[in-house]
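So the structure is just underneath, and the comments pick up after that.
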Amino acid sequence: MPESIWDLEKEILSEISHEVPWKLVEEFSRLERVSGTEDERKAADYIRKELERFGVPYQYFEPLLYLSWPIKAEIKVEFPESREISCRLPAFSASGSVTGELFYVKSEGYGIEASPTIIPEEVRGKIAITEGLSSPTVALRFERAGTIGQIYVNPGERIHESTVMPVWGTPTPEDAKLKPKNPVVDVNRATGEYLLKLMEDSKVVVTLRTELKEGWFKCPLIVAEIRGKDEPEKFVLLHGHLDSWYYGVGDNATGDAALLEIAMVFHKFRDRLKRSLRIAWWPGHSTGRYAGSTWYADHFALDLLENCIAHSNCDSPGCKWDYNFDEVMWTPEAEDLCKGVIREVAGKEAKGLRPERAGDYSFNNLGITGFYMLSSNIPEEIRREKGFYPVGGCGGNVAWHTPEDTLEVADPEILERDIKVYAATIVRVLNSMIYPFNFLRTVDELIRWTEKYSQEVGEELDLSQVLEELHLLRRDMETFYRMCKEIEERRDFEKAKKVNEVMLGLSRILVPLYLCERGTFEQDLAIGRPPIPLIADCVLLPRMERSDEYMFLKTKLIRGRNKVISSIRRARNLLRRIIGS
């Protein structure tokens with residue numbers, strides 16, 4: 001890395017403190033920032049005033065977003081006894097009342113990771129009850145199995161707010177058909193144990209009543225921009241969600257504070273930045289299923305497609321006891337960059353995960369490299385000591401998505417450290433001569449998963465050509481990176497720009513290949529997706545009877561295989577134009 005970047009990074013990190021961020025955290029700890037509410041707007045106004053105070057330019061939007069507000073829910077036991085019990089309902093549950101018999105479906109896993117392995121046919125026409133937190137993936141599976149309602153037993157005394165919308169952002173007419181039709185509720189462990197105990201001796205009939213308000217809400221969306229000097233049109237997009245459940249200090253007031261500090265500090269160094277930094281605070285994350293970031297991806301799609309180098313999500317940094325970086329997410333090409341920064345800035349060895357379909361990663365289909373989502377986390381031994389189970393934020397604190405996510409969840413010193421991790425990673429992308437991404441990592445992941453699928457599917461679907469094309473791509477990629485090293489050694493800035501354009505082209509092809517099923521300007525559903533989703537379902541073929549369904553799926557997979565091979569060849573052609581045949 002050029003010395004100038006090291007010097008700039010050192011100066012930027014020396015400017016970062018928790019003074020300004022912590023004041024924001026304290027302010028936000030008094031605001032219940034549910035999207036579309038007055039408190040969310042007060043939070044946005046606070047950020048705008050701070051940006052103006054520090055002279056940071058920004059744009060302010062008020063998009064109309066499709067949101068779902070839970071109002072109230074109840075469960076009434078009708079048989080074998082009469083009793084009303086407390087519950088909560090997730091966003092986008094269907095509103096209404098249903099009465100039916102409970103049917104227990106066992107989940108594997110714990111906390112947010114719990115999910116039924118098999119949903120039996122007998123659940124049809126029943127109200128399903130299962131362990132875990134309500135989620136769109138499981139809720140959609142239950143609906144497709146014919147349930148009329150769903151109850152999720154959370155693993156502790158708290159009930160965690162959530163959403164069961166399987167659609168990412170504002171639905172299209174086609175995706176709107178997937179809106180949940182079942183009333184869905186969450187209960188705590190004690191309530192769940194009561195219902196399951198009741199089921200041991202008798203058929204149990206309950207009534208679920210749910211009420212939600214759904215519609216279009218004008219929401220605040222802020223995008224600050226620090227313009228670089230050499231290539232101002234190229235930018236990194238750093239972002240996090242402004243809204244919260246309840247006071248949401250760990251999820252995501254700390255993230256909002258981190259964004260503000262980075263905006264303030266990077267603005268001071270704007271004359272020394274080669275490329276631009278955009279910083280966005282999204283509404284509609286929780287009650288809109290990433291509606292704000294999706295709105296931005298839709299309305300600025302062409303600019304993002306042509307100029308966005310990478311995006312970075314900032315969610316739940318700076319939480320108490322967050323000593324480790326064991327659950328950090330990135331697309332594979334960013335692994336070396338992120339591990340290096342975390343090692344050098346935080347003094348920790350990081351473990352990376354494939355980005356989940358979560359965390360305002362609304363830019364996958366556009367093919368934009370992503371790094372970070374959740375940042376630091378509570379070590380496993382401390383979680384066990386405190387009885388914590390897996391959740392989706394707050395560094396692993398079970399206050400996540402509950403009224404207990406208040407000021408004591410956060411830690412100002414850890415927040416400062418996490419801000420420095422984000423800042424160092426970003427400056428290395430903005431000011432590197434050649435983008436610091438290693439797409440050999442991405443190709444290796446594609447090879448690894450294709451080999452796995454090939455072993456599982458056997459002769460049912462031939463993936464040998466996919467593997468052959470991937471190995472050819474890897475060979476070309478090795479030549480490309482040898483060229484990159486030579487260009488850096490020669491300090492050939494004009495050739496470096498051409499190499500960077502090739503890297504952007506590679507990301508536009510390989511990121512969707514790894515993460516997405518749908519096209520460039522679409523959004524995949526907000527449910528779990530295995531790697532290389534265009535061919536991932538091939539593993540189902542060996543377990544299927546030779547039926548219409550088998551042939552339908554095989555046809556889909558053959559078309560998917562064609563798309564995968566075509567994408568790989570496009571990536572190879574892109575490389576050949578710069579490395580030669």
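For Glu211, are the conditions met, namely being of a type outside the set (A, V, I, L, M, F, W, C), surrounded by fewer than 20 Cβ atoms within 10 Å (Cβ to Cβ) and under 28 Å from the mean Cα position of the chain (by Cα)?
yes
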- prompt: Pick from the stretch 395-427 the residues that are in contact with a strand residue (DSSP E or B) (Cβ under 9 Å, 6 or more places away or on another chain), small (Gly, Ala, Ser) and assigned to a helix (DSSP H, G or I): which of them is farthest from Phe266 (Cα to Cα)?
  reply: Gly396
message: Only one of Lys554, Lys485, Lys497 is under 30 Å from Leu140 (Cα atoms), of a type in the set (Lys, Arg) and surrounded by fewer than 20 Cβ atoms within 10 Å (Cβ to Cβ). Can you tell me which?
response: Lys554
field: helices (runs of 4 or more DSSP H) lying entirely in the stretch 457-565 (those with 2 or more residues that are among the aliphatic types (A, V, I, L, M) and in contact with a Ser or Thr (Cβ under 8 Å, 6 or more places away or on another chain))
entry: 464-490, 493-515
field: Filtered residues of the stretch 73-119 (kept if closer than 26 Å to Val34 by Cβ, at pLDDT 95 or above and polar (S, T, N, Q))
entry: Ser93, Ser95, Ser97
task: Name every residue in the stretch 42-68 that is more than 29 Å from Thr163 (Cα to Cα) and of a type in the set (A, V, I, L, M, F, W, C), in order of residue number.
output: Leu51, Phe54, Val56
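For every residue, the table says whether it meets (1) touching a residue at least 24 places away in the same chain (Cβ under 8 Å); (2) closer than 23 Å to Gly156 by Cα; (3) touching a His at 6+ places or on another chain (Cβ under 6 Å).
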{"residue": "Leu208", "(1), (2), (3)": "yes, yes, no"}
{"residue": "Val223", "(1), (2), (3)": "yes, no, no"}
{"residue": "Arg227", "(1), (2), (3)": "yes, no, no"}
{"residue": "Leu237", "(1), (2), (3)": "yes, no, yes"}
task: Go through Ser547, Ser566 for me and flag whichever is under 20 Å from Thr442 (Cβ atoms), small (Gly, Ala, Ser) and surrounded by fewer than 18 Cβ atoms within 10 Å (Cβ to Cβ).
output: Ser566
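Which residue, of Trp281, Trp245, Trp321, is of a type in the set (A, V, I, L, M, F, W, C), surrounded by fewer than 22 Cβ atoms within 10 Å (Cβ to Cβ) and not in a helix (DSSP H, G or I)?
Criteria check complete, one pass: Trp321.
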statement: Reported set for the stretch 86-98 where residues are in contact with a Leu (Cβ under 8 Å, 6 or more places away or on another chain) and assigned to a strand (DSSP E or B) is Ala91, Ser97, Val98
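Could you list, in sequence order, all residues of the stretch 23-49 that are part of a helix (DSSP H, G or I), crowded, with 20+ Cβ neighbours inside 10 Å and not aliphatic (A, V, I, L, M)?
Phe28, Glu40
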query: touching a Leu at 6+ places or on another chain (Cβ under 8 Å) and within 30 Å of Cys538 (Cβ to Cβ) - does that describe any residue in the stretch 412-434?
result: no
message: Can you tell me how many residues within the stretch 113-154 are surrounded by 21 or more Cβ atoms within 10 Å (Cβ to Cβ), under 25 Å from the mean Cα position of the chain (by Cα), of a type outside the set (Gly, Ala, Ser) and more than 18 Å from Lys179 (Cα to Cα)?
response: 6
Enumeration of residues in the stretch 517-555 that are of a type in the set (D, E, K, R), in contact with a helix residue (DSSP H, G or I) (Cβ under 9 Å, 6 or more places away or on another chain) and modelled with pLDDT of 95 or more: Glu517, Arg518, Asp524, Asp537, Lys554
- prompt: Before we move on, is Gly169 at pLDDT 95 or above, at positive phi and buried (at least 17 other Cβ atoms within 10 Å of the Cβ)?
  reply: yes
message: So, Thr163, is that one surrounded by 24 or more Cβ atoms within 10 Å (Cβ to Cβ) and either in contact with a helix residue (DSSP H, G or I) (Cβ under 6 Å, 6 or more places away or on another chain) or of a type in the set (A, V, I, L, M) (or both) or not?
response: no
message: For the stretch 225-237: of the residues being in contact with a Leu (Cβ under 6 Å, 6 or more places away or on another chain) and in a strand (DSSP E or B), which is nearest to Tyr435 (Cα to Cα)?
response: Val236
- request: Evaluate the following for Ile532: is it more than 20 Å from Met165 (Cα to Cα) and among the aliphatic types (A, V, I, L, M)?
  value: yes
message: Just to be sure I understand the filter: pairs with C-beta atoms under 8 Å, separated by 6 or more residues or on different chains, first member in the stretch 418-444 and on the phi < 0 side of the Ramachandran plot and surrounded by fewer than 24 Cβ atoms within 10 Å (Cβ to Cβ), second member of a type in the set (S, T, N, Q) and modelled with pLDDT under 95. Which pairs pass?
response: Asn431/Ser4
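The values are calculated or read from the model by the stated rules, or taken from the named source; none is laboratory data. If you're wondering where the values come from, they're calculated on a predicted model, not measured in any experiment. Glycine gets a Cβ as well: all are built from the backbone with ideal geometry, and neighbour counts include every protein chain shown.
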